[in-house]
Amino acid sequence: MGLHWKRPEHTESTTRARALWRPKNRVPSPTSRMTVLSTRRLLVSAATPPPPTQRGTPAGGDHFRERIAPILEERSGARVYLKLENPQRTGSFKLRGALNRWLSLDPDQRTRGVVAASSGNHGMAVTCAAGEAGVDAVVFVPRGASPIELAALRSFGARVRVKGNDCLVAEDAIRSALRVVVGQHRTLIEGAAAVAVPGPDSRASRRSTPNGRSRSSCAGEHRPGDSARSPVSRRPRRLWNAHGRAGCANRLQPADWNPMDRPISSRKQDHLRLALEHDVERPPADGSAFAAVELAHRALPELDLDEVDPSLEFLGRRLAFPLLIGSMTGGTPQAGVINRRLATAAQHCGVGMCLGSQRIALEHPEHSATFAVRHVAPDILLVANLGAVQLNYGVDAPQVRHLADDVGADAVVFHLNAAQEALQPEGDTRFGGLFEALGEAVETIGLPCGVKEVGCGFSIADVRRLAELPLAFLESAGRGGTSWNAIEGQRAQGEHDRDLAAGLADWGTPSLTSLLACLRYGATDVIASGGLRSGLDAARALALGATATAMALPLVRAAARSSEAVIDELEAFKKALVTVMFLTGARDLAALRSVPHRVPPQVQPEIWEDGAGA
Ligand SMILES: Cc1cc2nc3c(=O)[nH]c(=O)nc-3n(C[C@H](O)[C@H](O)[C@H](O)COP(=O)(O)O)c2cc1C
C-alpha cells in the first residue's frame, strides 16, 4: 500500500469546498496554502493535525498522530498524515462529493433542483452543498429517521419527505421525481475522494512523496484552465484550517459554524425566523396600507382584458409587470435557499428582485454565495443592497460596486433604517453626516443607485434632501407593512428595550403619505412599498404616479415553502393588477397613471405633517 498522487481534477469544487469549510480560526496554519488534489487511489488524507497547544486541537489528535499514523506508515512504507473529517461543517467528508456533483450540473438541471435519499451524512452534505451551489434540495428519509437529523436537514434548507421504512424504499421513491437524482454518481465519488496536499510554501510541502517528487511539484500540476472555470477560485486565497471547531454539536446551527460570524449571521437568522413565524405586520385598522386610494371605475373600458399590457422598462431591464421582490435576505444557508427560490420565481414571472443587505458578504466573503442568484435568474432586474449607514463605518464606493458586481446586479439600493439600528443592541447608529457620504458614494459607484426606507417611510424634508442626489429611484417603504421595530422588539433582551420597541412598533410615516412625499418632492422614479400586498394595491400606487412597486414579507413567507408558492403569489398579483387596469380602462401603465382617483386628505403629506416639513 502506498500513497499515489495524481494531478487535480476538480479544482472548482474543492476550492468551493475549502471556502465552505473555513472556520474563522485566525491562527495561521502550516496548511494554509494547501492545494487540493483528487484521486480515487489516495487512501490517506494529508493535513497535519495541529500541535496540542494550538487552539481547538481536536480531542484524540495526539492518539491518532502518535499511535495510528506510525502503524499506517509502517504498512505503507510512506509518510502518512491524518486528517480529522468530523469537525467539517456537516460532520463528515461527504460535503466534497456532494459539492462536486452540484457543480457539475448544467444551469437547467440546477433550476430543477436535486433529490437524495438519506437521513445521515449524505443527506446533510447534499443539502448543504445544494444550498451553497444554488440548487433546491429535497431529501427523502425513511420513517423513523431521528428528529435531530431531520432538524439538521431542515436547518440546511432541505425540504424533507418521509417515505418507506428504509433508505432503499426512499431511494426508489425519488426515481420518479423530475429532478437530478443524487446517488453514487461518478462526480460525487470523485469529489469525496478529493483531499488536501500542502502547497509550495508550506512546511510539509518540502517533504518528499514516495515517488521521489516533492509535493510542491505535484501541486504545480494544477491546470490553469481549472481555476479559469471557477468564479470562486479567482477570489483571494483564504486560510483553510479544518481544525478548531466542535463537530456534530454544530449541526443544528449551520449558520453558526463559524463563531466569529455569530453576531451578524445569527441576527439575520433571527430576523428571518421572526418574519416567518411571528405577527410582524402593522397594517392600518381599515385594511392594507394602500386601501385608502379609490380609483374611478369604467363601465365602458373600451378595451379587451387580453389587451392590457402591464410591462415596463426599468433600470435597463424589461419587467413583465411593475413589481420587484423587496430586499430581504442572504447570509445564511437558509437565506441562500430562499434567495434562489425568490429569484427562480422572479425569472419565471419576469419581475425584479432586490437582495437583502450584503454587508455580511463584505465582512465574511464566504457568505457571498448565499446572495448569488444569477445562475437561476439570468434575465431579471437585480438590485444589490447595503445599509447606507455602513458608509459611515468605513465602507466605500468601490466596495459597494464590488458587492454589486459579485452578484451581477443592475443597480444598488441603500437602505435607511435608523429606527431599527437604534433598537438593536448591536446597532450601527452613527448617522451623522451620512447625507454627504451617501452623495459621494452615489456619484462614484457607476451603477444606478436608489435609496429606500425599511418600513418607517420618508418625510417631506428627507425627500427634499435626497432630491439633491443623482439617484435613479427612491423606494418609499412606509409604515403599514412589516414593522422592523416590532421585529426588534421580539429580539430585545430587557424589559425596557422591549417596551421601547413595542412603543415604536407603529412608528413612522404611513406608506401612502411616504409615497406621495416621494412623488411630489422627489426628483426621480419611485418604487411604492411598505405593506403593499396585492395587484390592487399596486394599481392604486401606480395610479398615483409610482413607477413600480415592491413587496417583501408575503413573498419571503411563500419562498419558505417553495419557488412554486412564490410563483403563485406573483401570478395572483399580476392577475389583480391586470384586472384593475381593465376595470379602469388602462391599456398600459401610462394610461393607469392618468386614471382619476381619490386620496383622503389625512394621508396627504402636507396635511399629515401639518405643514411642518413643507
Ligand atoms: C425578512 C425581511 C428581511 C429584510 N431585510 C432587509 C434588508 O436586508 N435590506 C433592506 O433594505 N430591507 C429589508 N427588509 C425590508 C423590506 O425590503 C421592506 O422594505 C419592508 O419589509 C416593507 O415591505 P413589506 O411590508 O412588503 O414587507 C426586510 C424585510 C423582511 C420581511
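Okay, here's what the table says:
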{"item": "Test set (1) in a helix (DSSP H, G or I); (2) within 24 Å of Gly585 (Cβ to Cβ); (3) open to solvent by less than 70 Å² (accessible area, probe 1.4 Å) - Ala346 fails condition number", "result": "(2)"}
{"item": "Meets criteria (of a type in the set (Val, Ile, Thr), in the same structural domain as Ile325 (by TED's automatic domain parsing) and within 12 Å of the ligand (Cβ to nearest atom)) for Val463", "result": "no"}
{"item": "Residue satisfying all of: in the stretch 392-414; open to solvent by less than 20 Å² (accessible area, probe 1.4 Å) and touching a residue at least 40 places away in the same chain (Cβ under 8 Å); farthest from the ligand (Cβ to nearest atom) among these", "result": "Ala397"}
{"item": "Options Leu382, Leu355: the member that is open to solvent by less than 20 Å² (accessible area, probe 1.4 Å), within 15 Å of the ligand (Cβ to nearest atom), within 26 Å of Pro310 (Cβ to Cβ) and free of Cβ contacts under 8 Å to residues at least 40 places away in the same chain", "result": "Leu382"}
{"item": "Among (1) more than 29 Å from Ala299 (Cα to Cα); (2) of a type outside the set (Asp, Glu); (3) out of contact with any Asp or Glu (no Cβ under 8 Å at 6 or more places or on another chain) - the single one Leu555 does not satisfy", "result": "(3)"}
{"item": "Residue match in the stretch 287-296 (condition: under 28 Å from Thr513 (Cα atoms), charged (D, E, K, R) and assigned to a loop (DSSP other than H, G, I, E, B))", "result": "no"}
{"item": "Residue ID - least open to solvent (accessible area, probe 1.4 Å), chosen from residues in the stretch 443-460 that are away from the ligand (no atom under 13 Å from the Cβ) and more than 23 Å from the chain's Cα centre (by Cα)", "result": "Ile460"}
{"item": "Only one of Arg533, Arg491 that is within 12 Å of the ligand (Cβ to nearest atom) and over 30 Å from Arg401 (Cβ atoms)", "result": "Arg533"}
{"item": "Evaluation of Thr549 against (1) in a strand (DSSP E or B); (2) more than 16 Å from the ligand (Cβ to nearest atom); (3) not charged (D, E, K, R) (one fails), failing number", "result": "(2)"}
{"item": "Residue match in the stretch 429-441 (condition: out of contact with any helix residue (DSSP H, G or I) (no Cβ under 6 Å at 6 or more places or on another chain) and among the basic types (Lys, Arg))", "result": "no"}
{"item": "Among (1) open to solvent by less than 40 Å² (accessible area, probe 1.4 Å); (2) part of a loop (DSSP other than H, G, I, E, B); (3) more than 12 Å from the ligand (Cβ to nearest atom); (4) within 25 Å of Gly316 (Cβ to Cβ) - the single one Ala523 does not satisfy", "result": "(1)"}
{"item": "Pairs with Cβ under 6 Å, 6+ apart, first in the stretch 270-285 and farther than 22 Å from Pro425 by Cα, second open to solvent by 70 Å² or more (accessible area, probe 1.4 Å)", "result": "Arg282/Asp506"}
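The values are calculated or read from the model by the stated rules, or taken from the named source; none is laboratory data. Computed from a predicted model, the values in this text were never measured in an experiment. With ideal geometry, Cβ positions are generated from the backbone for all residues, glycine too; neighbour counts draw on all protein chains shown. Surface areas here come from the heavy atoms of the whole protein model, side chains and all, with no ligands, DNA or RNA. Shrake-Rupley method; radii C 1.70, N 1.55, O 1.52, S 1.80 Å.
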